[in-house]
1. List, in the order given, every pair from K145/K223; K35/K304; K92/K295; K35/K67; K157/K223 whose Cα-Cα distance in the structure shown is over 22 Å.
2. What ³J(HN,Hα) values, in whole Hz, does the Karplus curve 6.51 cos²θ - 1.76 cosθ + 1.60 give for the range 213-220 when θ = phi - 60°, with x put for Gly and Pro?
3. Amide H of T309: which non-local residues (sequence gap of 5 or more, or other chain) have their own amide H closer than 5 Å, using H built in the peptide plane?
4. List residues of the range 1-24, by number, whose backbone nitrogen lies under 12 Å from a label position 7 Å along Cα→C-beta of Q288.
5. For H30, H306, which order do you get if you count the other beta carbons within 10 Å of each Cβ and list the fewest first?
6. Under 5 Å between amide hydrogens, which residues at least 5 positions from I227 or on another chain qualify, with H placed 1.01 Å from N in the peptide plane?
7. Work through the residues other than R209 whose Cβ is under 13 Å from its Cβ and net out their charges, Lys, Arg +1 and Asp, Glu -1.
8. Could you give me the ³J(HN,Hα) list for the range 24-35, computed from phi with Karplus coefficients 6.51, -1.76, 1.60 and θ = phi - 60°, whole Hz, x at Gly and Pro?
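Laboratory data are not the source of any read-out in this text; all were calculated from the coordinates shown. Bear in mind the structure is a predicted one, so any value in this text is a computation, not a measurement. Glycine gets a Cβ as well: all are built from the backbone with ideal geometry, and neighbour counts include every protein chain shown.
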Amino acid sequence: MSQPDIVITAPLPPFLRDPLAADYRCHDYHAAADKPGLLAAEGARIRGLVQGGGTATPTALLDALPKLEIISVFGVGYDGVPVDYCRSRGIKVSNTPDVLTDDVADVAVGLIMMTGRGFVRLNRFVRAGEWERRGPELTTRLAGKRVGILGLGRIGKAIATRVRALGMEVAYTGRNRQDVAYRFVPDLVSLAAESDFLVVASPGGDATRNMVDAGVLAALGSKGTLINIARGSIVDEVALVAALQKGTINGAGLDVFADEPHIPAAMLTMDNVVLLPHVGSATRETRQAMGDLCKANLDAWFTKGHVLTLIPELA
Ligand code: 8YV
């Protein structure tokens, strides 16, 4: 049987790219100098598309792929996929849930520790030789503090388990109240008002765009720290910079940004912000598992006619 043609629209690690190249005719749209030329020459043959979690896939690109059957996302987030459009054309969409949950939750806890206990500042303090001159600053006890989680999905729940183990209190908000031991707060402003750490763990996309706005940040207030391991689009970044500059909120720990890899310049010099380069799932073990699942979804579709982890909207 001839190998199916697939198009790749994001940079992929070799441990995914190479196995794909062994079983598929791969067309690297991401690296192609002449993208329209590639689509004109190969578009009519393409049956699969592989993209990253944060990759935006415009419908104009999909229009140029009339035989497309499946989009396999290398990531859990599929906010870049036009899901309604895919439904209307019968295009399957798969992602890589579960395999990255622990790692992403670890990063949330790391950011709570780094901001609350000041570890990043204190590391700089030691390296600058400051300890020779004076004692370190006092920081904030985590046990007993209140964590508000926006989005109690798989990752939100893994964060809740971890921070409970630290002795922190957990409440959450989201689309629905769930049958869990944590307290549900129906609106985000109220959750922010009662939280010491507001942790963003919901999916990105239009439904959550700029949901953490100036009003939510004002409610979080000077006692509160914003943690975001989900998507930059969920936070109004202009409002966040203003809130950090004015001291409206205490600080922020951020792994994701609105326009990655670009970070608002003002944030780079702020001492009350910890910045990470979107590393939630970036361990060797997890990226390998994500790569395996991303390819397994394509393989299952092209050999057995089903996908392993179809996104819920299309199930
Ligand atoms: C990855 C992510 O950085 O899973 C997601 O949705 O954002 C991250 O795990 C990304 O998907 C890699 O392409």
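1. K35/K304; K157/K223
2. The phi angles translate into 10, 4, x, 5, 5, 5, 5, 4 Hz.
3. Placed amide hydrogens put N95 under 5 Å from T309.
4. From the range 1-24, the list is 15-16.
5. On the way: H30 16, H306 10.
By the 10 Å Cβ count, ascending: H306, H30.
6. Those lying under 5 Å, H to H, from I227 are L198, V199, V200, G253.
7. My count for the surroundings of R209 gives -4.
8. Working through the residues one at a time gives 9, 7, 8, 10, 8, 5, 4, 8, 5, 6, 10, 5 Hz.
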